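Everything on this sheet refers to the single structure shown next.
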Amino acid sequence: MMKNTQNYNDLIGKTREEIVKELGDGFNFYPSDLWTYNLKKNWLGRWVLLYIHFEDNVVCRVHIGH
């Protein structure tokens, strides 16, 4: 699972290498501009996901969704 905080905005500005060190590589395709991480399952059993968007190998945006 992921780090136990609700605020992932501190990931903005970090490189892919820093994200891998902090969160692990998961099942992400390294060169992709969008990475996802499973955070938890909601009460319906659906995964809540962390989406990390990269631009020029640096995190430019993060959001949480299903």
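The values are calculated or read from the model by the stated rules, or taken from the named source; none is laboratory data. Quantities reported herein were computed from a predicted structural model and do not represent experimental measurements. Cβ coordinates were reconstructed from backbone atoms using ideal geometry, including for glycine residues, and neighbour counts include every protein chain displayed. Accessible surface areas use protein heavy atoms only, side chains included; no ligands, DNA or RNA. Shrake-Rupley method; radii C 1.70, N 1.55, O 1.52, S 1.80 Å.
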| remark: Taking the range 20-66 and keeping only residues that are among the charged types (D, E, K, R), in a strand (DSSP E or B) and more than 14 Å from Asn7 (Cα to Cα), one is left with Lys40, Lys41, Glu55
| query | If you scan the range 39-64, which residues turn out to be open to solvent by 40 Å² or more (accessible area, probe 1.4 Å), at pLDDT 95 or above and aliphatic (A, V, I, L, M)? | reply | Val58
| Hey, any hits in the range 53-61 for a residue that's out of contact with any helix residue (DSSP H, G or I) (no Cβ under 9 Å at 6 or more places or on another chain) and among the aromatic types (Phe, Trp, Tyr)? | no
| request: Determine if the range 8-28 includes at least one residue that is hydroxyl-bearing (Ser, Thr, Tyr) and touching a Gly at 6+ places or on another chain (Cβ under 9 Å). | output: no
| request: Considering only residues that are loosely packed, with under 12 Cβ neighbours inside 10 Å and of a type in the set (A, V, I, L, M, F, W, C), look in the range 19-37 and name the one that is nearest to Leu50 (Cα to Cα). | output: Leu34
